[in-house]
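The values are calculated or read from the model by the stated rules, or taken from the named source; none is laboratory data. Since we're looking at a predicted model, the values are computed, not measured. Cβ: placed from backbone, ideal geometry, glycine included. Neighbour counts: every protein chain shown.
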Amino acid sequence: MHIIMLGAPGAGKGTQAGILSQEIGLPHIASGDLFRQALEEGTAIGLQARTYMDKGELVPGAVAIGVILERLSKPDCAGGCVFDGFPRTLEQARALDRALEEQTRTIDRAIYIEVPTEQLVKRLSGRQLCRNCQRPYHLQSSPPAVPGKCDECGEELFQRSDDREETVRERLNVFLAQTLPVLDYYDRQHKLIRINGDLGIRGVATEIASALTATIG
């Protein structure tokens, strides 16, 4: 079984992909982790991916597929996997389908975790990090005891530039522009499942499990 987890930044797709992976006993394949590993190992395809990542650009479908297929060739993926962060564009979705077809595999379901834009902005723009120990905080859900100070080491907290509200809104706009065609692609194949992502971690996980049981069994 091959499942794709889709969602905007801050929607919790990585968390839900990890939970689902454990529940169904299939590997959690996070494309970002694969690219970083390929870079660390200095593989040819990893170095190719770096030319795009260093410029903040999406890795093209052909390059990304090479990294993904390399991971799928490992024995633990024989029964399938849960994709996290891939595909992000229509080009990547089509390339993934073609690659899987050559191995007589297919995508079974694409799960889209829907969260209202304003809720996503709150989740992302409220994040802060400690400059010293990198401990994360959130102004709404997990604030520090003393505003602006780390509970662990007392050092100053800061906000990453890509977590500022104006940047967050731009990231969400880019995501929607790239991902709406992907959602339509899987919807036309009757593989898309939409999940309310504003139910809390366990609530969302329960909805995903129920939806998969109802549609796949």
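Descriptive notes on the structure:
- With respect to the stated conditions, A99 fails to be over 16 Å from I3 (Cα atoms), in contact (Cβ under 8 Å) with a residue 24 or more places away in the chain and in a helix (DSSP H, G or I).
- Among residues of the range 6-42, those that are basic (K, R) and buried (at least 21 other Cβ atoms within 10 Å of the Cβ), counted: 1
- Residues that are modelled with pLDDT under 90, among the charged types (D, E, K, R) and under 17 Å from the mean Cα position of the chain (by Cα), drawn from the range 113-133: R123
- Residues that are under 9 Å from V82 (Cβ atoms) and assigned to a helix (DSSP H, G or I) within the range 25-39 are absent altogether.
- Those residues of the range 15-35 which are among the polar types (S, T, N, Q) and farther than 17 Å from A78 by Cα, in sequence order: T15, Q16, S31
- Residues (surrounded by 15 or more Cβ atoms within 10 Å (Cβ to Cβ) and of a type in the set (V, I, T)) located in the range 168-217: V168, T179, V182, I193, I195, V204, I208
- Positions within the range 112-142 being at negative phi and either of a type in the set (G, A, S) or part of a loop (DSSP other than H, G, I, E, B) (or both), in sequence order: V115, P116, S125, G126, R131, N132, C133, R135, L139, Q140, S141, S142
- The residue list D163, D151 contains one member that is among the acidic types (D, E), at pLDDT below 90 and either under 20 Å from the mean Cα position of the chain (by Cα) or over 29 Å from L90 (Cβ atoms) (or both), which is D163.
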